[in-house]
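What follows is one structure encoded as structure tokens, with my remarks underneath.
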Amino acid sequence: MVGIIMGSTSDLPIMQQAIDVLTTLQITFEVDIVSAHRTPEKLMDYGANAHLRDIKVIIAGAGGAAHLPGMVASLSPLPVIGVPIKSSNSIDGWDSVLSILQMPGGVPVATVALDGAKNAGILAAQIIGSSDKAVLDRVIAFKEDLKDKVLKGAEEVKANYNR
């Protein structure tokens, strides 16, 4: 199972991309709002106990100061994937990117692109797939589908624009 957390409901439209990928790949998940600054006790409980609920990977999305992914990573033995979100109080998203990317030694957070929750979902599936053959097979099929879409698009472009 994948834990998907975010700092506020305003992050949900971006984090929906991870939800959609995990749904497509038939991977179970839970979704919750865990604010590093407004609900620190909830953050502490989530980070310290997620692995006890059979969660294998945590995807944490946050904007602005974006402390959620790093704080959860400091408490959890699980891999954490950080999704920097360009929020209304963000400085073009750079504050979020750097807050998640620049972690101190010993507290790793895998960081995807700004608003890159889709890649976070794929990465979580790949992590789970490394020890679950059924998930791995679905990830392989998912990536083949991506390749097929690109090849189909290339054929359409060639057919419509090459003279």
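General observations
- Residue match in segment 80-99 (condition: touching a His at 6+ places or on another chain (Cβ under 8 Å), hydroxyl-bearing (Ser, Thr, Tyr) and modelled with pLDDT of 95 or more): no
- Selection status of Ile140, out of contact with any Pro (no Cβ under 8 Å at 6 or more places or on another chain) and buried (at least 18 other Cβ atoms within 10 Å of the Cβ): no
- Residue check for Asp54: among the charged types (D, E, K, R) and closer than 18 Å to Pro13 by Cβ: no
- Condition check for Gly116: in contact with a Lys or Arg (Cβ under 9 Å, 6 or more places away or on another chain), within 24 Å of Met15 (Cα to Cα) and surrounded by 12 or more Cβ atoms within 10 Å (Cβ to Cβ): no
- Whichever residue in segment 48-98 is of a type in the set (S, T, N, Q) and farther than 20 Å from Gln17 by Cβ and, among such residues, is farthest from the chain's Cα centre (by Cα): Asn89
The values are calculated or read from the model by the stated rules, or taken from the named source; none is laboratory data. None of the values given here were measured: they were computed from a predicted structure. Neighbour counts run over all protein chains shown; Cβ positions are idealised from the backbone, glycine included.
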